[in-house]
Amino acid sequence: MPKAPILVIGSSGKTGRRIVQRLTEGGYPVRAGSRASAPPFDWDRPETWDQALVGVRAAYISYHPDLAFPGAPEKIENLTERARRAGVGHLVLLSGRGEAKAQDCEDIVRASGLSYTLVRASWFAQNFNEGYLLGPVLDGTLALPAGEVREPFVDADDIADVAVAALTQDGHAGRLYELTGPRLLSFAEAAAEISQAAGRKVQYAAITFEEFRAAMTGAAGPALADMFTELCREVFDGRNAALGEGVQEALGRAPRDFSRFCRDAAASGVWALPG
């Protein structure tokens, strides 16, 4: 087993913590990359990056809050240059499906001169139980500006499995894996499956982008509200209403179905109402 650690940037996030768990259970040395880790890694403090990169043999890159946000390409370019100077052997970039700026970041990694794997993921199923949609699920209404668009929701466990394979096994260098679930679902259909698993009514309400921005402004402030609204405007135009084969290509198995995610989430108790 190699002694050089694998750096997981975003180690406390949805995919990062799963990757850390899998690598640790597999006996691989892991270096966590977050603001709270030692050494720390902070996207807003480039002076922390070199210490996090020194001596690592591979790195998983998850950019917070999203590669579609302003400034992300510049930071990814800066990071890849520092990774090259540090002698990092392989990069695995988590990218967003249908996001133009995310694909700009993919191109930066391709041009870095480093060995790489690109993991381009669709909408996370775990947004409904670990992310910002947990509150709306508990309130009983998912209000989003997605209309009747259908998404192939991907399970974060599949993303983690693909990333771990790319970080630890041969045969994944230079590959782009487009990760989706096995079915297309509208948000209304997803809400219905959540309802069935949770044992109570969760409905989907299609709202306008302006209504979404107003709601987000109250929750996150105007700057983040504007950026999330534009991201929704970009990806909710139907461009992602197709299945990818990345899980099958990387792992030789089918991706996890949304219904399985719902059953597991309901069994965990996360959707149970107090009392």
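None of the figures in this text is laboratory data; all of them are computed from the coordinates on show. Because the structure is predicted, anything quoted here is derived from the model rather than measured. No Cβ is skipped: glycine too gets one built from the backbone with ideal geometry, and neighbour counts run over all protein chains shown.
Strands (runs of 3 or more DSSP E) fully within region 1-100 that include at least 2 residues being surrounded by 18 or more Cβ atoms within 10 Å (Cβ to Cβ) and among the charged types (D, E, K, R): none found.
Here Glu178 meets the list (1) charged (D, E, K, R); (2) in a helix (DSSP H, G or I); (3) under 30 Å from Val8 (Cα atoms) almost entirely, failing just condition (2).
Among the residues of this structure, Lys101 counts as one that is under 25 Å from Phe153 (Cα atoms), touching a residue at least 24 places away in the same chain (Cβ under 8 Å) and touching a Pro at 6+ places or on another chain (Cβ under 7 Å).
Within region 208-235, residues that are in a helix (DSSP H, G or I) reach partners that are polar (S, T, N, Q) and surrounded by 15 or more Cβ atoms within 10 Å (Cβ to Cβ) with beta carbons closer than 6 Å, at six or more positions or on different chains, in the pairs Phe209/Thr229; Phe212/Thr229; Arg213/Thr229; Ala225/Thr217.
Residues in region 101-117 that are crowded, with 17+ Cβ neighbours inside 10 Å, touching a strand residue (DSSP E or B) at 6+ places or on another chain (Cβ under 6 Å) and closer than 24 Å to Asp50 by Cβ: Glu106, Val109, Leu114, Tyr116, Thr117.
All of (1) on the phi < 0 side of the Ramachandran plot; (2) more than 15 Å from the chain's Cα centre (by Cα); (3) touching a residue at least 40 places away in the same chain (Cβ under 8 Å) hold for Gly135 with one exception: (3). Taking the conditions exactly as written (at positive phi and in a loop (DSSP other than H, G, I, E, B)), does Gly147 satisfy them or not? Here the answer is yes, as Gly147 does meet what is asked. Check whether at least one residue in region 137-151 is among the aliphatic types (A, V, I, L, M) and within 18 Å of Asp264 (Cα to Cα), and report yes or no. Yes: one or more hits. Collect the residues in region 158-188 that are among the acidic types (Asp, Glu), within 15 Å of the chain's Cα centre (by Cα) and either within 20 Å of Arg31 (Cβ to Cβ) or surrounded by fewer than 24 Cβ atoms within 10 Å (Cβ to Cβ) (or both), keeping them in residue-number order. Hits for region 158-188 are Asp161, Glu178. Pairing residues of region 106-120 that are in a loop (DSSP other than H, G, I, E, B) with residues that are of a type in the set (Gly, Ala, Ser) and crowded, with 21+ Cβ neighbours inside 10 Å, at Cβ distances under 7 Å and at least 6 apart in sequence or on separate chains, gives Leu114/Ala83. On inspection, Glu81 fails the criterion of being in contact with a Lys or Arg (Cβ under 9 Å, 6 or more places away or on another chain), acidic (Asp, Glu) and either farther than 18 Å from Leu231 by Cβ or touching a residue at least 60 places away in the same chain (Cβ under 8 Å) (or both).
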